[in-house]
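What follows draws every value from the coordinates through simple rules; no lab data is involved. It should be emphasised that the depicted structure is a prediction, and the values quoted were computed from it without experimental measurement. For neighbour counting, all protein chains shown are included, and Cβ atoms are generated from backbone atoms with ideal geometry for every residue, glycine included.
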Amino acid sequence: MKALVKHKAEPGLWLRDVPEPTIGPGDVLIKVLRTGICGTDLHIHSWDGWARGAITTPLVLGHEFVGEVVDTGRDVTGVKRGDRVSGEGHLVCGTCRNCLAGRRHLCRATVGLGVGRDGAFAEYVALPASNVWVHRVPVDLDVAAIFDPFGNAVHTALSFPLVGEDVLITGAGPIGLMAAAVARHAGARHVVVTDVSEERLELARKIGVSLALNVSGATIADGQRELGLREGFDIGLEMSGRPEALRDMIANMTHGGRIAMLGLPAEEFPVDFARIVTSMITLKGIYGREMFETWYAMSVLLEGGLDLAPVITGRYGHEEFEAAFADAASGRGGKVILDWTA
Ligand SMILES: [Zn+2]
């Protein structure tokens with residue numbers, strides 16, 4: 001089968017013929033229809049410091065996908081041939097304290113699909129049935145392909161109750177945009193999104209945020225004044241991993257404000273902890289999705305009318321992967337989809 005492979009420990013990706021994956025008794029084999037390109041894949045493509053430390057070659061990339069089940073292991077129940085599925089990209093150990101308590105997203109021994117084992121940028125992918133999410137109601141294929149990052153957005157946005165609250169989102173990449181859509185849909189009063197890309201801020205406006213603020217020319221305090229906020233933001237969703245974004249967020253929160261952080265900083269950086277203490281701010285780290293409470297929330301949010309269409313801005317055949325990766329790495333658009341049936 002064709003697969004996008006990190007074939008050598010150097011920048012680049014290779015579309016190669018590799019053996020089809022085999023399945024064990026608890027696994028399912030999935031014919032991949034469409035995949036989404038994630039920041040993780042960009043790191044592996046460019047072979048930066050993180051990728052050099054985390055990846056062993058050869059590796060089939062990819063963890064955001066939708067496909068159709070074509071085979072099931074003998075012990076599999078609840079998933080059958082022909083089911084349209086997406087996959088939870090974190091494979092958990094099942095035996096640590098958190099796994100045994102049903103808190104699988106807190107597993108200490110998580111292995112990432114397309115990171116620690118061969119992934120979904122291929123014509124077929126094998127996955128434990130326990131990692132498969134069956135789409136019980138019809139979902140647009142492009143949206144189904146990005147359930148994994150959509151789950152990051154939902155997990156982050158719904159970390160704290162936000163009905164009637166003023167929400168600040170730093171970073172208008174695909175997950176920030178999806179989080180903005182979720183916050184809007186879930187009943188926030190104001191949703192303010194910041195970025196330095198006018199193209200991405202325009203996508204945020206399409207989603208219907210209260211204010212899309214270009215922080216290369218304005219401050220978050222300016223945004224507060226424009227909306228008439230007097231006491232700061234109640235909820236912060238940090239999606240950029242940028243030191244200045246978190247610092248600005250902390251400086252613009254109300255007393256007792258709550259911050260969920262999904263953006264992954266590249267290195268350590270100082271923040272004003274005195275402000276966190278005296279403003280009694282809660283900071284919560286988010287990694288992945290709650291299995292499978294977040295997945296349930298995603299499906300029903302879409303059924304309830306949540307629209308992610310503005311977030312998807314690039315569509316390519318899998319053979320055009322170089323153009324697709326360049327699009328995703330540009331930092332200007334939304335989500336980029338690879339079609340494996342084209
Ligand atoms: Zn575990």
* Asked: Pro128: net charge of surrounding residues, Cβ under 10 Å, Lys/Arg +1, Asp/Glu -1, itself excluded?
  -> -2
* Using θ = phi - 60° and the Karplus curve 6.51 cos²θ - 1.76 cosθ + 1.60, what whole-Hz ³J(HN,Hα) does each residue of the range 162-175 get, with Gly and Pro shown as x? -> 10, 4, x, 8, 9, 10, 10, 10, 9, x, 10, x, x, 6
* For the range 153-285, just say rounded, prolate or oblate: build the C-alpha gyration tensor, square-root its eigenvalues into a ≥ b ≥ c, call rounded for a/c under 1.5, and beyond that prolate if a/b exceeds b/c, oblate if not. => rounded
* **Residue-by-residue Karplus 3J(HN,Hα) for the range 278-286, coefficients 6.51, -1.76, 1.60, Hz, glycine and proline x** => 6, 8, 6, 8, 9, 10, 10, x, 10
* Whichever lysines have a C-alpha closer than 27 Å to that of Lys335, once near sequence neighbours (fewer than 8 apart) are set aside -> Lys2, Lys6, Lys8, Lys31, Lys206, Lys284
* Scaled to the compact-protein estimate 2.2 N^0.38 Å, what is the alpha-carbon radius of gyration of the range 204-342, rounded to two decimal places? -> 1.26
* **Percent RCO, i.e. relative contact order, over the range 40-185, from Cα pairs under 8 Å lying at least 6 residues apart** => 24 percent
* Which whole-number percent gives the relative contact order of the range 1-102, counting Cα pairs below 8 Å spaced six or more residues apart? -> 29 percent
* To do: Would you work out the relative contact order for the range 153-285, in percent, from Cα pairs under 8 angstrom that are 6 or more residues apart?
  => 23 percent
* Asked: Around Gly317, which amide H atoms from residues at least 5 apart in sequence, or from another chain, sit under 5 Å from its own amide H, with H modelled in the peptide plane?
  -> Asp339
* Gap in Å between the Cα centre of the range 232-264 and the Cα centre of the range 129-165? -> 22 Å
* Asked: Once the Cα atoms of helix 198-207 and of the chain are each reduced to a long axis, what angle between those two axes, in degrees from 0 to 90 to the nearest 10, is obtained?
  -> 90 degrees
* Structure fact -> Total charge of the residues flanking Ala326 in space, meaning their Cβ is under 13 Å from its Cβ, with Lys and Arg +1 and Asp and Glu -1, is -3
* Asked: Karplus couplings for the range 311-325 from phi (6.51 cos²θ - 1.76 cosθ + 1.60, θ = phi - 60°), rounded to Hz, Gly and Pro as x?
  -> 6, 9, 10, x, 9, 9, x, 5, 6, 8, 4, 5, 5, 5, 5
* From the square roots a ≥ b ≥ c of the eigenvalues of the alpha-carbon gyration tensor of the range 1-137, which class results: rounded (a/c under 1.5), prolate (a/b over b/c), or oblate? -> oblate
* Structure fact -> Taking the reciprocal of mean 1/r across every pair of different Cα atoms in the chain, the Kirkwood radius in Å is 20.6 Å
* Taking 0.36 nm per intervening residue step and subtracting the Cα-Cα distance, what contour gain separates Ser330 from Arg275 on full extension? -> 16.3 nm
* **Cα pair distances of the range 99-176 binned at 10 Å [whole percent]** => 12, 37, 37, 13, 1
